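Comments concern the structure below.
The values are calculated or read from the model by the stated rules, or taken from the named source; none is laboratory data. Keep in mind that what you see is a predicted model, and the values were worked out from it rather than measured. Quick reminder, even Gly has a Cβ in these numbers, built from the backbone with ideal geometry, and neighbours come from all protein chains shown. Calculation scope for accessible area: heavy atoms of the full protein, side chains included, ligands and nucleic acids excluded. Shrake-Rupley method; radii C 1.70, N 1.55, O 1.52, S 1.80 Å.
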Amino acid sequence: MNAPRLTADLGWHTGSAEGSARFTLADGITALMGRSGSGKTTLARVLAGLHPATHGSISLDGSILYDEHTGISLAAGKRGIGLVPQGSSLFPHLTVAANIDFAHAPRPAWRDDLIDRLGLAGLMDRRPHQLSGGEGRRVAIARALMASPRLLILDEPTTGLDPARRRSMLEVVGRVASLTKTPVLLISHEREDIQTTATHALLMEDQHLVAAGDVPDVIARMDATP
Amino acid sequence: MIGPMESAALILSLKVAGAATLVSLPLAILLAYGMARRDFRGKTIADILLHVPLVVPPVVVGYLLLIAFAPNAPVGRWLEEAGLGVAFRWQGAALASGIMALPLMVRSIRQAFEAEPPIYREVAATLGAGAVARFWRISLPLAAPAIATGTLLGFARAIGEFGATITFASNIPGLTQTLPLALYSAAQIPGGEAEAARLALLCLLPAILALVASEMLSRRARRRTGLAS
């Protein structure tokens, strides 16, 4: 495994349950696996600054995003983490172009290239309700990348897509990861998606991160759990 | 045909209701946003106070305004000295109508803020938008149809305002005599039936137009975003 980009050792509360995770992320695509309700989305929200951590620390590319002891907790917008939530999250009152360029950030040099590779060039004037599920998710991925995040989190990007669109979505994820050199945390419970796309994997069970490592090992661990 | 007396009342009504709505609107948006998004001590009491004009007899609101803003009342005297007096002037009629229209506007706008899925604000936050930017770029445009509807409802309510206005601003032809007040006067005079009927029609027109416009606006907004708003 390459040098870690993100290092996290943290805990959080959701209602009455406690969650925890201790792991590092390197370049490339890491899958975050686990059954539905195991806390994958909550972990993503804690990392992104949308759900409060209760203890521990998070650092990304050497800068501290959260640290219990020094009291540092950067706002979501200052963390450099792009989040593509599950389901539709495009701003419904804005066109595709306005959604993509929502972030007030310097436009990356690869902006037009990315739009081409995501197949969005012909959709720029549409509104979100005029897009298919897969198109909408590709727009959301482009929107997150325009803020030049240092980590991109994709929450179940293939849910609800047919097998052909699923494969093409995963190809897209691989392409944008290499074009933009952004490490990707891919939340999924589909082992096929993970096997074809990810180089490393993390496993959540009952709100706790219980395994991290190579994809086959983590899948074996998941299968061993009743 | 409408005579000079009716047209004066109509123009005054439009002026009073227009001013009342325009001044109430920013306040209504802020109150609606605060009630929808913030938790603070005394929120329940604030919510009840906000709804008082909807449920008390309007004459009570007019009476309370008179206690505060009459030329010999504490606030009123100070305003009169500053040349900003409102009692027995069209501005007073606008103040009374604005207070009566405010809760309707807040209710309609607040529902839209409450219905906004948090995911939009959250994603906007991860994209670097601060609280003010999220309000201007996400919450406000998403609530625009409800704001338009609330504004038109408030305008219709202000046009129809009677009790608070006659108590606080009095019924002075050409000065504070809006359409409903003129209608009330006409109905008091023997032989005023025809004029009362014309005034009643004039009262109905702007109110119905405002309701039709509000319905058209919300349909257009639904088409534009594909959302059921």
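So the values come out like this:
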read-out: Test: residue in the stretch B:108-116 that is surrounded by fewer than 24 Cβ atoms within 10 Å (Cβ to Cβ) and farther than 30 Å from residue B:39 by Cβ; value: no
read-out: Tally, over the stretch B:22-42, of residues that are open to solvent by 10 Å² or more (accessible area, probe 1.4 Å), modelled with pLDDT of 95 or more and in contact with a Phe, Trp or Tyr (Cβ under 7 Å, 6 or more places away or on another chain); value: 2
read-out: Some residue of the stretch B:43-54 being farther than 23 Å from residue B:154 by Cβ and either touching a residue at least 12 places away in the same chain (Cβ under 8 Å) or open to solvent by less than 50 Å² (accessible area, probe 1.4 Å) (or both); value: no
read-out: Top-ranked residue of the stretch B:115-161 - restricted to ones that are part of a loop (DSSP other than H, G, I, E, B) and aliphatic (A, V, I, L, M), ranked as farthest from the other protein chains (Cβ to nearest Cβ); value: B:129
read-out: Hits in the stretch A:12-29 (condition: among the polar types (S, T, N, Q) and modelled with pLDDT of 90 or more); value: A:14, A:20, A:24
read-out: Number of the condition not met by residue A:168 [criteria: (1) open to solvent by 20 Å² or more (accessible area, probe 1.4 Å); (2) outside any helix (DSSP H, G or I); (3) over 30 Å from residue B:222 (Cα atoms); (4) in contact with a helix residue (DSSP H, G or I) (Cβ under 8 Å, 6 or more places away or on another chain)]; value: (2)
read-out: Hits in the stretch B:3-42 (condition: of a type in the set (Lys, Arg) and free of Cβ contacts under 8 Å to residues at least 24 places away in the same chain); value: B:38, B:41
read-out: Within the stretch A:47-158, helices (runs of 4 or more DSSP H) holding 3 or more residues that are at the interface with another protein chain (Cβ under 10 Å from one of its Cβ atoms) and open to solvent by less than 10 Å² (accessible area, probe 1.4 Å); value: A:133-146
read-out: Pick from the stretch B:191-202, criterion without any contact (Cβ under 8 Å) to a residue 60 or more places away in the chain and open to solvent by less than 70 Å² (accessible area, probe 1.4 Å), ranking: nearest to residue B:180 (Cα to Cα); value: B:200
read-out: Test: residue in the stretch B:91-106 that is closer than 22 Å to residue B:131 by Cα and buried (at least 19 other Cβ atoms within 10 Å of the Cβ); value: yes
read-out: Filter result (in contact with a strand residue (DSSP E or B) (Cβ under 8 Å, 6 or more places away or on another chain), of a type outside the set (D, E, K, R) and farther than 24 Å from residue A:4 by Cβ) within the stretch A:151-201; value: A:189
read-out: Residue B:209 being of a type outside the set (Lys, Arg), within 23 Å of the chain's Cα centre (by Cα) and in a helix (DSSP H, G or I); value: yes
read-out: Extreme residue, farthest from the other protein chains (Cβ to nearest Cβ), among residues of the stretch A:13-27 that are farther than 21 Å from residue A:224 by Cβ and open to solvent by less than 30 Å² (accessible area, probe 1.4 Å); value: A:26
read-out: Qualifying residues in the stretch B:162-192 (those that are over 21 Å from residue B:64 (Cα atoms) and in contact with a Pro (Cβ under 9 Å, 6 or more places away or on another chain)) - the one nearest to the other protein chains (Cβ to nearest Cβ); value: B:179
read-out: Check on residue A:30, in contact with a strand residue (DSSP E or B) (Cβ under 6 Å, 6 or more places away or on another chain) and either in a loop (DSSP other than H, G, I, E, B) or away from chain B (no Cβ under 14 Å) (or both); value: yes
